[in-house]
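Taking it in order: structure first as structure tokens, then the write-up.
The values are calculated or read from the model by the stated rules, or taken from the named source; none is laboratory data. These numbers come from a predicted model, not from an experiment. Side chains are part of the model used for accessible areas, which takes the heavy atoms of the whole protein and leaves out ligands, DNA and RNA. Shrake-Rupley method; radii C 1.70, N 1.55, O 1.52, S 1.80 Å.
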Amino acid sequence: MYNFILLLHLLGATLWTGGHLVLALAILPRALRNQEPGVILEFESGYEKIGMPALLVQVLTGLWLAHRLMPDWIQWFAADNTISRLILVKIMLLAVTVIIAAHARLRIIPRLGTGNLNLLAGHIIAVTILSVLFVVTGLGFRSGGFS
């Protein structure tokens with residue numbers, strides 16, 4: 001069961017992080033260069049169908065994996081050992097990701113135009129960096145953390 005859950009978690013991370021890297025490194029520069037917000041909206045409409053389920057899979061499997069490593073969820077917030085610190089970092093990354101993504105989805109994207117394209121670009125770059133940090137933090141579970 002563990003291997004299956006870990007595989008789902010890694011596939012979710014691949015889709016989420018990979019999609020944001022494509023968005024930030026390929027789609028966003030073209031949209032900014034040509035001042036074409038429609039390019040981002042087009043990508044977003046397709047990616048959202050796999051990106052959001054991938055994030056949900058990551059959250060659910062991540063909670064399962066964290067519980068398997070540390071069954072007492074109160075200890076997740078203790079930050080008194082490597083595992084609890086890594087879990088706490090993942091939770092903080094998720095919270096910041098949700099706040100930034102929700103702001104973009106609810107406040108920027110519905111009114112997206114050339115006037116707020118740079119604001120959305122900042123959100124895209126931030127979520128992309130956060131997604132890579134999720135992966136780096138996840139590596140810490142295998143490598144024993146980071147000093």
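At a 1.4 Å probe radius, which order do M52, M1, M70 fall into by accessible area, largest first?
Order by accessible area, largest first: M1, M52, M70.
Against the chain, whose longest principal axis comes from its Cα atoms, helix 117-143 is set at around 20 degrees. For the options R68, R85, R30, a Gaussian network treatment of the chain with springs between C-alpha atoms closer than 10 Å singles out R68 as fluctuating the most.
With respect to the chain, whose longest principal axis is taken over its alpha-carbon atoms, helix 2-22 is tilted by about 30°. Dividing the helix sum by the residues of the chain, where each DSSP H run of 4 or more adds -39500 (n - 2.57), gives a mean residue ellipticity at 222 nm of -26000 deg cm²/dmol. Our estimate of slack between I5 and D80, defined as 0.36 nm per intervening residue step minus the Cα-Cα distance, is 24.4 nm.
The accessible-area ordering, largest first, of the residues I74, I124 stands as I74, I124, per a 1.4 angstrom probe.
In sequence order, region 92-104 has phi-based couplings of 5, 4, 5, 4, 5, 4, 4, 4, 5, 5, 5, 4, 5 Hz under the Karplus curve 6.51 cos²θ - 1.76 cosθ + 1.60, θ = phi - 60°, and Gly or Pro positions carry x. Note on the chain: GNM, Cα springs under 10 Å; of A66, A79, A24, the largest mean-square fluctuation is that of A79.
Ranked from largest to smallest solvent-accessible area, with a 1.4 Å probe on the protein heavy atoms, Y2, Y47 come out as Y2, Y47. When the alpha carbon gyration tensor of the chain is reduced to an equivalent ellipsoid, the three semi-axes, largest first, read 32, 15, 13 Å.
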